[in-house]
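The values are calculated or read from the model by the stated rules, or taken from the named source; none is laboratory data. Here the structure is a predicted model, which is why all the values come from computation and not from measurement. Quick reminder, even Gly has a Cβ in these numbers, built from the backbone with ideal geometry, and neighbours come from all protein chains shown. Side chains are part of the model used for accessible areas, which takes the heavy atoms of the whole protein and leaves out ligands, DNA and RNA. Shrake-Rupley method; radii C 1.70, N 1.55, O 1.52, S 1.80 Å.
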Amino acid sequence: MKLMDIFGALKRDMDFIERQLYRSIEGDDELLSETSLHLLKAGGKRLRPVFVLLGGKFGDYDLEKLQHVAVPLELIHSASLVHDDVIDDAGTRRGKPTVKAKWDNKIAMYTGDYIYAKALMLATQLPIPQLHRILAKAMVQMSVGEMEQIRDFFNTDQSVRNYLLRIRRKTALLIAISCQLGALAAGAPAKTHSLLYRYGYNVGMAFQIRDDLLDLCGTEQAIGKPPGSDMRQGNITLPVIYALQEPGLKEPLLREIAAIREEGSGADASRAIRMIVSSPGIERAERLADRFIGKALDALEGLPESKSRTHLKEIALFVNKRSY
């Protein structure tokens, strides 16, 4: 089964969620609505709403309730991207101009704030205090993760552990709670949403590692940005950390990274990319992603057999082999 088949099975409900996404950012201010719409129209996989809906299938599935989880989680993800683009000085995302590039940094920051606020307003439609606590805690952790990334820009001495803690906060937690909160909103047993959280957390970790691999090994057409963008922005990712652990490669790669830092975002990173891609760092990062996916699949084994469990398994396998 392909990812598009899974989306096809959920098409009617995902079309509803998509309409609600657009509706959620309308009306308060013409410019904020325009910038928010620009961001949403840039697209994306919409994996987080899909996880919410699939999580909801393990309980009393009610789309009217689940929209108040699915839409806020996608909005939170989108808002974080607007802020990321300002921090990273990114001109494009998914092959289209970013909000900061089309308008400016100030407009982009307020757009992100506006979308965050809209997400919280929508989530309050569900009178489930536990859900609100989980969501708020995850947003705090995402902010901590962003600060950690800024702190570690061009830090070539950082450990694998630091990297994993950072991506846990930046990426994995939001995917984990997408799975968990769908089940929670649907009234599924506590054990079920605990297993779904564990599944989502491990898929999220693998997702980010794969994203970092694609930044080095993918094409601009496939990933929607120039390869090596992370390194030019100072983000030292797992394949780079592993490559720097190779004795014969460390010194020349450090020199290339220092040159990139000095030249700025327009630097030529092609030599550094070639060094990393030809190093064992790529394979080591792939193996770690495989391990996280294995843990995600193990978590699914504790859930009752169903079409939704099969869909979650297929998504995990897609995440681990994706090329975009």
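Kirkwood Rh over alpha-carbon pairs of the stretch 176-307, then Stokes-Einstein at 4 °C and 1.567 mPa s: what D in µm² s⁻¹, rounded to an integer?
Approximately 78 µm²/s, per Stokes-Einstein.
Which of the listed residues, Gln208, Asn162, Asn320, is farthest toward the dipole's positive end in the chain, when Lys, Arg count +1 and Asp, Glu count -1 at the beta-carbon?
Of the candidates, Asn320 comes out farthest on the positive side.
Measure off, as a whole percent, the carbon and sulfur share of the 1.4 Å-probe accessible area of the stretch 69-183, all protein chains present.
Carbon-and-sulfur percentage of accessible area, whole number: 57.
Longer than 32 Å from Cα to Cα, which of Lys41/Lys106; Lys57/Lys100; Lys100/Lys313; Lys41/Lys137 are they? Say none if no pair is.
Check vs 32 Å cut-off fails for Lys57/Lys100; Lys100/Lys313.
How would His68, His311, His132 rank on accessible area, largest to smallest, probe 1.4 Å?
Sorted by accessible area, descending: His132, His68, His311.
Gain in length, Ser159 to Asp15, computed as 0.36 nm per residue apart minus the alpha-carbon separation, to one decimal in nm?
Value of the extension gain: 47.6 nm.
For the stretch 79-158, what class follows from the C-alpha gyration tensor (a ≥ b ≥ c being the square roots of its eigenvalues): rounded when a/c is under 1.5, otherwise prolate if a/b is larger than b/c, else oblate?
It comes out oblate by the Cα gyration axes.
Give me the compactness ratio for the chain, meaning the Cα radius of gyration over 2.2 N^0.38 Å.
0.99
Quick check for you: with a 1.4 Å probe and neighbouring chains kept, what is the accessible area per residue of the chain, in Å²?
Per residue, the chain has an accessible area of 45 Å².
With every protein chain left in place and a probe of 1.4 Å, what is the accessible surface of Asp29, to the nearest 10 Å²?
Roughly 70 Å² of Asp29 is accessible to a 1.4 Å probe.
Sort 158-170, 11-23 by packing, meaning the average of other beta carbons within 10 Å per residue, with the highest value first.
Top to bottom by mean Cβ count within 10 Å: 158-170, 11-23.
With a 1.4 Å probe and all protein chains left in place, how much of the accessible area of the stretch 238-324 comes from carbon and sulfur atoms, in whole percent?
C and S fraction of accessible area: 49 percent.
Per-residue counts of other Cβ atoms within 10 Å, averaged by peptide: what ranking do you get for 240-252, 178-190, highest first?
In decreasing order of mean packing, 240-252, 178-190 become 178-190, 240-252.
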